[in-house]
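A quick write-up on the structure given underneath.
All of the numbers you see were taken from the coordinates with simple rules; none came from a lab. Here the structure is a predicted model, which means the values were calculated and not measured. Because the Cβ atoms are built from the backbone with ideal geometry, glycine has one as well, and the counts that use them run over all protein chains shown.
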């Protein structure tokens, strides 16, 4: 079975290569954003749903998972203009994730500590994507 034929349950979900399980070296932003989205999903599943938390959780999951989806689109962009646009969306979605985490903590103060870790990662991703966006515009 090739990677193209694999479902998400069958495909490697880590930075390990298919041959020998050796860790790849270098920074894999696609993997990092995917893990971020997966972690936020898992975190969100443990929060009690009510009239206040349900829409906040929905927005949080949408923005957190959209960071990685837009990065994947940027990675396959057909032009520099499209790349910059997709990277700008990554930046916006990471910022939006920070907002929804803040709102979630306001609604459910007990999740403050785990939410803080997600906020820190969203903040780092915001900075990374903002830097990529800035540097990609220098040669336009």
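For this structure, a couple of remarks:
- Mean Cα-pair separation over length for segment 38-140, i.e. relative contact order, pairs under 8 Å, 6 or more apart, %: 28 percent
- Centre separation in Å (Cα based) which lies between segment 75-140 and segment 37-59: 18 Å
- Sorting the Cα pairs of segment 21-140 by distance into bins of 5 Å, from 0 upward, gives 2, 12, 22, 21, 16, 12, 8, 5, 2, 0 percent per bin.
- Each of residue 39 and residue 106 was given a label point 7 Å from its Cα along the Cα-to-Cβ line. The distance between the two points is 2.4 nm.
- A simple spin-label model places the labels of residue 131 and residue 79 2.9 nm from each other, with each point 7 Å out along Cα-to-Cβ.
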